[in-house]
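The values are calculated or read from the model by the stated rules, or taken from the named source; none is laboratory data. Source: prediction; values computed, not measured. Here Cβ is always computed from backbone atoms with ideal geometry, including for glycine, and neighbour counts include all displayed protein chains. Ligands, DNA and RNA are stripped out before the accessible areas are found, and what is left, the full protein with its side chains, is counted by its heavy atoms. Shrake-Rupley method; radii C 1.70, N 1.55, O 1.52, S 1.80 Å.
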Amino acid sequence: MDQKTITTRCCIVGGGPAGIMTGFLLARSGISVTVLEQWPDFFRDFRGDTIHPSTLELLHELNILEAFLRLPINKTYQLGGEIGGKSLILADFSSLKTRCPYIAFIPQWDFLNFMVEQAKQYPTFNLLMQTEAIDILEENNRCVGVVAKCADKEFQIRADLVIGADGRHSMVREKSHLPVQVLGAPMDVLWFRLSRKTSDETFSLGKINFGKILIMINRESYWQCGFLIRKGTFETIQKNGLDAFRESLLAVSPNLNDRVSELTSWDQIKLLTVTVDRLTKWYKSGLLCIGDAAHAMSPIGGVGINLAIQDAVAAANRLVPAFQTNTLTEDTLCAIQKRRLFPTRCIQRIQVFLQDRIINRVLGKVNHPEIPFVFKLFNRVPFLRRIPAYIIGIGFRPERIEVTPETNSR
Ligand SMILES: Cc1cc2nc3c(=O)[nH]c(=O)nc-3n(C[C@H](O)[C@H](O)[C@H](O)COP(=O)(O)OP(=O)(O)OC[C@H]3O[C@@H](n4cnc5c(N)ncnc54)[C@H](O)[C@@H]3O)c2cc1C
């Protein structure tokens, strides 16, 4: 055991959207923060790449929107769908009363690298890559830090607060024994890429037909595709062979017939086991969970990144004054949970409703699906498309940046 011990005010486990944003906001206010990320870089498999209007508004409040918009983003003003071969628009962001009324598509690693670059300008920001937190440290029933491991060397990081922002398989959540409520999901998702042609649609879309659901996200040179399957059936699908899988794709999207042959191995197809759950208590003495660690989201609506960032802002708004005045208590952490529980619960309720009422009913049906009445209504009364646009783009109880930067901290 290496004797090195790091002391910091806040130790954040996980360098995803929740962890990096919280680290950035704390460091911006002069709080010493150490963020641990287990991988050497952010360049990993597809993990979602949607930056929503409410996040863009936050970037504006932080004076970094202009720099962000200089990155190669793909603006999407509408989300469309194709049900039983009929096209429809399901959400229209362009009429939202916000600075950037669109979803910015950008690979998550580009967004995280951008945020880290911004955070590194503050001297109290410390990011340890390739460093995994393997346990939490507890003394007198209070969390006082974590045990971390880097290149086979173990060391301690002691902190006034540990934030678990380590995603849906959170070590912090598990070791702290916080109670979890599982909401369940009837599906898993298979993610893969297919090339994109200039003559293809420009917007991202979801297609439903013959008991199959395919999501296609425009990544310019290729489509990031998500194919929904019934939970637990991936092994059977693999046993049936790649030819049968390619046929399933063509059933829902015949125009892919000139490129499904690009899928030549199961290694190109990654399984996402969908989980929807939430902690009933997000904190204990010296420890707080946020983002997916507090509430794993269904991929429906692609709201996980946004929600993680909103949690980060709500947390920083309460933690900065508490750190500055040395008044951090369980009440501070309870206030963060209270603030974020309502929007999390609302979004998860909608996701579970759609999973049960649409996805569960569609998967496995062999005929053309009926277009749900509410979707027909969106086509007849375009004004109504603002409702899903608001829920997805802005969400319930959007956060504002309430903490000011420390003048000497850059
Ligand atoms: C395939 C896929 C597609 C998705 N699509 C979308 C989408 O289009 N839009 C959207 O908004 N959301 C999407 N999501 C969900 C979204 O990615 C998450 O909701 C969001 O990233 C949650 O952010 P987070 O920071 O809480 O956790 P994560 O992004 O999961 O970040 C957790 C980080 O912690 C690190 N970590 C874990 N354990 C440890 C440890 N012990 N020590 C150190 N580091 C650790 C991980 O490596 C990871 O970097 C998708 C998710 C997946 C998997």
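Based only on the alpha carbon positions, what is the Kirkwood hydrodynamic radius of the stretch 328-399, in angstrom? Each step should come with its number before you reach the end.
Values: mean 1/r = 0.0665 Å⁻¹.
In the stretch 328-399 this quantity evaluates to 15.0 Å.
Take Thr50, Thr198 and sort them by solvent-accessible surface of the protein heavy atoms, 1.4 Å probe, largest at the top.
On the way: Thr50 20, Thr198 140 Å².
Final ranking, largest accessible area leading: Thr198, Thr50.
Using only Cα atoms, figure out Rg for the chain and give it as a multiple of 2.2 N^0.38 Å. Before the final figure, lay out each step's value.
On the way: Rg = 21.8 Å, N = 410, 2.2 N^0.38 = 21.6 Å.
Ratio of Rg to 2.2 N^0.38 Å for the chain: 1.01.
Where nothing but the Cβ of Lys and Arg (+1) and of Asp and Glu (-1) is charged, how large is the charge dipole of the stretch 255-410 around its Cα centre, in debye to the nearest 20? It would help to have the intermediate numbers written out before the result.
Working: 21 positive and 13 negative charges, 131 e Å.
I would put it at about 620 debye.
Go ahead and set up a Gaussian network model of the chain, Cα springs under 10 Å, then flag whichever of Pro398, Pro40, Pro107 fluctuates most.
Checking each option, the largest mean-square fluctuation is seen for Pro40.
Which lysines, if any, have their Cα less than 19 Å from the Cα of Lys284, not counting same-chain residues under 8 positions apart?
Lys175, Lys338
Exactly which trypsin sites (Lys or Arg not before Pro) in the stretch 16-73 are in a DSSP loop and have at most 13 other Cβ atoms within 10 Å?
Numbers: sites: Arg28, Arg44, Arg47, Arg70; in loops: Arg44, Arg47, Arg70.
Passing sites in the stretch 16-73 are Arg44, Arg70.
Using +1 on the beta carbon of Lys and Arg, -1 on that of Asp and Glu, and nothing else charged, what's the dipole of the chain about the Cα centre, debye to 20? It would help to have the intermediate numbers written out before the result.
Numbers: 49 positive and 41 negative charges, 254 e Å.
My answer is approximately 1220 debye.
Hey, what's the chain come to in accessible area per residue, 1.4 Å probe, Å²? Display every interim value, and only then the final one.
Working: 18210 Å² over 410 residues.
Per-residue accessible area for the chain comes out at 44 Å².
Can you tell me the mean projection area, over all orientations, of the convex hull of the stretch 231-283's alpha carbons? Units nm², please. If you can, show how the numbers build up before the last one.
Values: hull surface 22.6 nm².
It is 5.6 nm².
Please report, as a whole percent, how much of the solvent-accessible surface of the stretch 105-246 comes from carbon and sulfur atoms (probe radius 1.4 Å).
On the way: 3080 of 6390 Å².
That fraction is 48 percent.
Given the C-alpha centroids of the stretch 301-321 and the stretch 142-192, what is the distance between them in whole angstrom?
17
Among Thr55, Thr264, Thr98, determine the one that fluctuates most according to a GNM of the chain built with springs between C-alpha atoms less than 10 Å apart.
Checking each option, the largest mean-square fluctuation is seen for Thr264.
When the convex hull of the C-alpha atoms of the stretch 288-410 is computed, what volume per residue in Å³ does it have? Write out the running numbers ahead of the final one.
Working: hull volume 17.0 nm³, N = 123.
Residue-normalised Cα hull volume stands at 138 Å³.
Please compute the Cα-Cα pair-distance distribution of the stretch 1-158 with 5 Å bins starting at 0, giving whole percents from short to long.
Here the calculated profile for the stretch 1-158 is 2, 8, 15, 17, 16, 13, 9, 8, 6, 4, 2, 1, 0.
Quick one: compute a quarter of the convex hull surface over the Cα atoms of the stretch 56-147 and quote it in nm². It would help to have the intermediate numbers written out before the result.
On the way: hull surface 44.2 nm².
Projected area, direction-averaged: 11.1 nm².
About the Cα centre, and with charges only on the beta carbon of Lys, Arg (+1) and Asp, Glu (-1), how big is the dipole of the stretch 206-261? Nearest 20 debye, please. All intermediate terms of the calculation are to be shown ahead of the outcome.
Details: 8 positive and 5 negative charges, 41 e Å.
That gives a dipole near 200 debye.
Can you work out the PRE-style zone for Asp267? Point 7 Å along Cα to Cβ, and I want the residues of the stretch 21-49 with backbone N under 16 Å.
45
Find the percent of Cα-Cα distances in the stretch 199-326 that exceed 19 Å, and round it to a whole number.
Numbers: 5047 of 8128 pairs.
Of all Cα-Cα distances in the stretch 199-326, 62 percent exceed 19 Å.
Which helices, counted as full DSSP H runs in the chain, have an axial Cα extent of no less than 27 Å and a Kyte-Doolittle average of 0.5 or above? Present the calculation step by step, with values, prior to reporting the outcome.
On the way: long enough: 304-324 (30 Å, 0.70); 330-354 (35 Å, -0.04).
Result, helices passing both filters: 304-324.
Just the projected area, averaged over all directions, of the convex hull on the alpha carbon atoms of the stretch 112-192: how many nm²? Mind dumping the intermediate values first?
On the way: hull surface 34.4 nm².
Its Cα hull, projected and averaged over all orientations, spans 8.6 nm².
Between Asp200 and Arg99, what is 0.36 nm times their sequence separation minus the Cα-Cα distance? Round to one decimal in nm.
Fully extending the segment from Asp200 to Arg99 adds 33.5 nm.
Could I have the simple spin-label model distance between Cys346 and Leu88, label points 7 Å from Cα toward Cβ, reported in nm to one decimal?
2.4
Compute the FRET efficiency between Asp258 and Gln130 as 1/(1 + (r/R0)^6), taking r as their Cβ-Cβ distance and R0 = 45 Å, and round to the nearest 0.05. Mind dumping the intermediate values first?
Working: r = 41 Å, r/R0 = 0.91.
It comes out at approximately 0.65.
As an exercise, identify the GluC sites (Glu not before Pro) in the stretch 158-263 lying in DSSP coil whose Cβ has no more than 16 other Cβ atoms within 10 Å. Walk me through the intermediate numbers first.
Numbers: sites: Glu174, Glu201, Glu220, Glu235, Glu247, Glu262; in loops: Glu201, Glu220.
Hits after loop and neighbour filter: Glu201, Glu220.
If you roll a 1.4 angstrom probe over the protein chains with everything in place, what fraction of the accessible area of the stretch 305-388 belongs to carbon and sulfur, to the nearest %? Walk me through the numbers on the way to the answer.
Numbers: 2590 of 4320 Å².
In the stretch 305-388, the share of accessible area belonging to carbon and sulfur is 60 percent.
With every protein chain in place, what's the accessible area of His169 (1.4 Å probe, Å², nearest 10)?
Taking all protein chains as shown, His169 has close to 150 Å².
Convex hull over the alpha-carbon atoms of the stretch 161-231: what's its volume per residue in Å³? Intermediate results must be reported in sequence, preceding the final value.
On the way: hull volume 10.4 nm³, N = 71.
Cα convex hull per residue, to the nearest whole number: 147 Å³.
Give the separation of the Cα centroids, the stretch 112-137 to the stretch 31-102, in Å.
Each part reduced to its Cα centre gives a spacing of 22 Å.
Between Asn360 and Lys231, what length in nm is gained on full extension when 0.36 nm per residue of separation is reduced by their alpha carbon distance? Let's see the in-between values first.
Working: separation 129, 0.36 × 129 = 46.44 nm, distance 1.01 nm.
Working it through step by step, the gained length comes to 45.4 nm.
Answer with one residue from Gly84, Asn257, Gln310: the one whose Cα lies farthest towards the positive end of the charge dipole of the chain, charges on Cβ with Lys, Arg +1 and Asp, Glu -1.
Gly84
Nearest 0.05, what FRET efficiency do Arg142 and Lys4 give at R0 = 22 Å with Cβ-Cβ as r? Spell out each step's value before the answer.
Working: r = 23 Å, r/R0 = 1.02.
Step by step, r from the Cβ atoms, then E = 0.45.
How many percent of DSSP beta bridges within the chain run antiparallel, rounded to 5?
Details: 53 of 76 bridges.
Of all bridge pairs located within the chain, approximately 70 percent are antiparallel.
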